[in-house]
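Here the structure is laid out as structure tokens; the discussion comes afterwards.
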Amino acid sequence: MYVFCKYHDLHMVELEDFKYGGTNITAFRLVNPESDLVQQAVREWIQGETMFNRAIPFGGKSIKTETALMYDAALLFANALNALDRSQDIETVNLDCNSEQTWQHGNSLINYMKLVEMTGLTGKVSFDTEGFRSNFKLDIVELRKEGLTQVGTWETGTGANFSRNYTEQYTEIVESLHNKTLVVSTILNDPFLMLKEDSKVLVGNDRYEGYSV
């Protein structure tokens with residue numbers, strides 16, 4: 001059975017029951033739990049929660065993709081605000097959310113956020129002129145006996161790029177078919193599968209011929 005998964009927090013799911021069941025799970029991943037930045041953020045979060053005797057909300061393994069995106073958003077805002085502060089004097093004012101009055105530096109801050117490029121928990125963070133994220137990369141992962149393993153990447157502009165070679169793919173296929181019996185079902189359909197015309201009494205698969213036999 002093949003499962004193509006779009007669940008963005010697959011690295012948080014317990015997959016032990018699927019490792020040896022013959023299920024082929026392939027997924028896209030925005031957050032690599034093994035990256036140095038993610039592991040450092042997890043350690044610092046655990047230290048902070050432990051210092052204040054609070055429960056760790058994510059079990060200490062990794063963080064959700066939504067959490068990583070919020071982290072990167074806050075860091076991007078801070079970097080843009082710092083860049084804006086270096087370029088001009090910023091004055092804060094009290095504004096009413098129901099008022100039509102806007103902050104005089106608001107548009108400048110948004111422009112700086114579009115210009116900032118950084119590396120966050122979700123990889124490279126950059127935006128196009130319309131404010132949409134651009135030039136990001138997704139990991140393509142598959143479930144193997146040793147756990148989720150990266151087998152390629154997907155990037156905007158270039159698409160999917162698999163890192164597996166023919167030998168690795170062939171070995172995986174052979175191992176997946178070891179000690180398994182395959183049952184193939186079909187129907188009579190000329191010229192792909194036909195009954196043999198023979199004077200002898202044929203049994204089993206010997207009764208058939210055709211392009212697909």
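The values are calculated or read from the model by the stated rules, or taken from the named source; none is laboratory data. Here the structure is a predicted model, which means the values were calculated and not measured. When we count neighbours, we look across all protein chains shown, and the Cβ atoms used for this are built from the backbone with ideal geometry, even at glycine. Quick note on the areas: whole protein, heavy atoms, side chains included, nothing else; ligands and nucleic acids left out. Shrake-Rupley method; radii C 1.70, N 1.55, O 1.52, S 1.80 Å.
So between SER126 and ARG43, what do we pick up on full extension, going 0.36 nm a residue minus the alpha carbon distance?
Values: separation 83, 0.36 × 83 = 29.88 nm, distance 2.59 nm.
Once the chain is fully extended between SER126 and ARG43, it gains 27.3 nm.
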- Query: Put +1 on the Cβ of every Lys and Arg and -1 on every Asp and Glu Cβ in the chain; which of ASN135, ALA27, GLY204 then has its Cα farthest towards the positive end of the dipole?
  - Reply: GLY204
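Just want to confirm a number: the relative contact order over the chain, from Cα pairs under 8 angstrom separated by 6+ residues, in percent.
Working: 235 pairs, mean separation 35.8, N = 213.
Dividing the mean separation by the residue count of the chain yields 17 percent.
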- For segment 52-208, what is the accessible area per residue in Å² when the probe is 1.4 Å? 76 Å²
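Just add up the charged neighbours of GLU142: K/R +1, D/E -1, any other residue whose Cβ is under 10 Å from the Cβ of GLU142.
Numbers: positive: ARG144, ARG164; negative: GLU172.
After counting each charged neighbour, the total is +1.
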- Reviewing (1) 0.98; (2) 0.94; (3) 1.22, the figure for Rg/Rh (Cα atoms, Kirkwood Rh) actually calculated from this model sits under (3)
- Note on the structure: SASA check, LYS180, accessible area w/ 1.4 Å probe, all protein chains in place, rounded to nearest 10 Å², comes out at 110 Å²
- Accessible heavy-atom area order of PHE28, PHE132, highest first, probe of 1.4 Å: PHE132, PHE28
- Item | FRET efficiency, THR50 to VAL201 (Cβ-Cβ, R0 45 Å, nearest 0.05) | 0.05
- Task: Subtract the Cα-Cα distance of LEU182 and VAL13 from 0.36 nm times their separation in residues, and report this length gain in nm to one decimal.
- Result: 57.8 nm
- Item | Peptide ranges 160-167, 138-145, 102-109 listed from the most packed, as the mean C-beta count within 10 angstrom indicates | 138-145, 102-109, 160-167
- Message: Starting from the 7 Å offset along Cα-to-Cβ, what nm value, one decimal, do you get for the label separation of VAL174 and ASP96?
- Response: 7.7 nm
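How much length is gained if the chain between PHE58 and VAL213 is pulled fully straight, taking 0.36 nm per residue apart and subtracting their Cα-Cα distance, in nm to one decimal?
Details: separation 155, 0.36 × 155 = 55.80 nm, distance 5.34 nm.
Taking 0.36 nm per residue and subtracting the Cα distance, the gain is 50.5 nm.
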- Task: Using a Förster distance of 30 angstrom, determine the FRET efficiency expected from the C-beta separation of LEU115 and GLU34, and round it to 0.05.
- Result: 0.50
- Identify all aspartates and glutamates with a Cα-Cα distance to LYS124 below 13 Å; exclude those on the same chain that are fewer than 8 residues away in sequence. ASP72, ASP139, GLU155
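Measure off, as a whole percent, the carbon and sulfur share of the 1.4 Å-probe accessible area of the chain, all protein chains present.
So the carbon and sulfur contribution to the accessible surface is 53 percent.
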- Sum of -39500 (n - 2.57) over DSSP H runs of 4+, divided by residues of the chain (222 nm, nearest 500): -9000 deg cm²/dmol
- Message: Report the Cα centroid-to-centroid distance between segment 197-213 and segment 10-79 in angstrom, as an integer.
- Response: 58 Å
